[in-house]
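Peer 1: Right, I'll just put the structure down here and ask away after.
The values are calculated or read from the model by the stated rules, or taken from the named source; none is laboratory data. This is a predicted model, so every value here is computed, not measured. No Cβ is skipped: glycine too gets one built from the backbone with ideal geometry, and neighbour counts run over all protein chains shown. Side chains are part of the model used for accessible areas, which takes the heavy atoms of the whole protein and leaves out ligands, DNA and RNA. Shrake-Rupley method; radii C 1.70, N 1.55, O 1.52, S 1.80 Å.
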Amino acid sequence: MNNGPVGVFDSGMGGISVLREIKKLMPDEKYIFYGDSKNAPYGTRTDEDVFGLTHNVFQTLMDKGVKAVVIACNTATSVAVRKLRAEYPDVPVIGMEPAIKPAVEENNGGRVVVMATPVTLRRPKFAKLMDKYSQDAEIIRMPAPGIVNYVEQGRLHDEGLKEYIKGLFSEIGERPADAVVLGCTHFPFVADEIKEAAGPQARLYNGNLGTARELRRRMAEKDLLCDGTEESTVEILNSAGEAQTELSWKLFTGELS
Ligand code: DGL
């Protein structure tokens, strides 16, 4: 079982930003990435819809014999991770969490903007994070559902995208953000655009490295790390077909950045 693949999935191509970090940390493993671009975005759907779609993709990966699964999507994690862990108690299931902890700890008393999908921001999982950290910083929720489609189309530096992001930041008032949490896995691909709108003082945070480390820890705990005797492979699948798969490869290799 140790030399089997790790499954990684997202509503679309955003999770490729997580896969990149995981591959860097554990270069010898095999990976199957599944992007559900046909059904993206998830972040503006009902919880029932998100759960149903997430469950289907999870099952698709399980059928391919994966030894662990990363839900490389904050939206799907916040809706489905608990139920999936209960349904598959023997499989390590690792999710995403908006990186509020490091953002607040490193910007105590400052202004921390959390960009994410509307679903992520309205779920109880997020409310818990707010309860935990809102004494230590001013935390501002910034729903940003409009970014996902640009990333899905590979339009990472589009003028319309820049205007959209600038518009979001113009609504938070005069005091600039000290930190911006990228609480959606699509957002690291447009980090430059976000940085430009947030201002040079703002530090950006995402949960990708944290998730990669957590995956390694959980796999080690269950003795699931590969033994290095087989070649690492990366397979990318996408429900929307050929064009999205090609775009995903370009994001993975950095050809599109
Ligand atoms: N990449 C997903 C996330 O991390 C959301 C994108 C979507 O709305 O489908 O939340």
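Peer 1: Could you go through the stretch 15-28 and let me know if any residue there is away from the ligand (no atom under 16 Å from the Cβ), acidic (Asp, Glu), touching a Lys or Arg at 6+ places or on another chain (Cβ under 9 Å) and outside any helix (DSSP H, G or I).
Peer 2: Looking through the stretch 15-28, none of the residues is away from the ligand (no atom under 16 Å from the Cβ), acidic (Asp, Glu), touching a Lys or Arg at 6+ places or on another chain (Cβ under 9 Å) and outside any helix (DSSP H, G or I).
Peer 1: Is there a residue being assigned to a strand (DSSP E or B), modelled with pLDDT of 95 or more and under 26 Å from Tyr150 (Cα atoms) anywhere in the stretch 44-61?
Peer 2: no
Peer 1: Could you list, in sequence order, all residues of the stretch 120-159 that are in a helix (DSSP H, G or I), of a type outside the set (A, V, I, L, M, F, W, C) and open to solvent by 30 Å² or more (accessible area, probe 1.4 Å)?
Peer 2: Scanning the stretch 120-159 gives Arg122, Pro124, Lys125, Lys128, Asp131, Lys132, Asn149, Tyr150, Glu159.
Peer 1: Any chance you could count how many residues in the stretch 42-56 are within 13 Å of the ligand (Cβ to nearest atom), free of Cβ contacts under 8 Å to residues at least 60 places away in the same chain and either within 13 Å of Lys83 (Cα to Cα) or buried (at least 20 other Cβ atoms within 10 Å of the Cβ) (or both)?
Peer 2: Selection size over the stretch 42-56: 2.
Peer 1: Still on this structure, I have one more. Based on this model, can you work out whether Thr77 counts as under 18 Å from His186 (Cα atoms), open to solvent by less than 10 Å² (accessible area, probe 1.4 Å), in a helix (DSSP H, G or I) and out of contact with any Phe, Trp or Tyr (no Cβ under 8 Å at 6 or more places or on another chain)?
Peer 2: So Thr77 fits the description; yes.
Peer 1: Could I ask something else about it? Go through the stretch 71-85 and report how many residues are more than 12 Å from the ligand (Cβ to nearest atom) and β-branched (Val, Ile, Thr).
Peer 2: 1
Peer 1: Separate question: Does Glu105 qualify as being farther than 30 Å from Arg217 by Cβ and either out of contact with any strand residue (DSSP E or B) (no Cβ under 8 Å at 6 or more places or on another chain) or open to solvent by less than 40 Å² (accessible area, probe 1.4 Å) (or both)?
Peer 2: no
Peer 1: Also: Quick check, is Ala198 small (Gly, Ala, Ser) and surrounded by 14 or more Cβ atoms within 10 Å (Cβ to Cβ)?
Peer 2: yes
Peer 1: State which residue is nearest to the ligand (Cβ to nearest atom) when the search covers only the stretch 184-238 and only residues that are more than 15 Å from Cys73 (Cα to Cα) and hydroxyl-bearing (Ser, Thr, Tyr).
Peer 2: If we take residues in the stretch 184-238 being more than 15 Å from Cys73 (Cα to Cα) and hydroxyl-bearing (Ser, Thr, Tyr), then Tyr205 is nearest to the ligand (Cβ to nearest atom).
Peer 1: Give the residues of the stretch 167-183 that are within 22 Å of the chain's Cα centre (by Cα) and either away from the ligand (no atom under 16 Å from the Cβ) or hydroxyl-bearing (Ser, Thr, Tyr) (or both), sorted by residue number.
Peer 2: Phe169, Ala177, Asp178, Ala179
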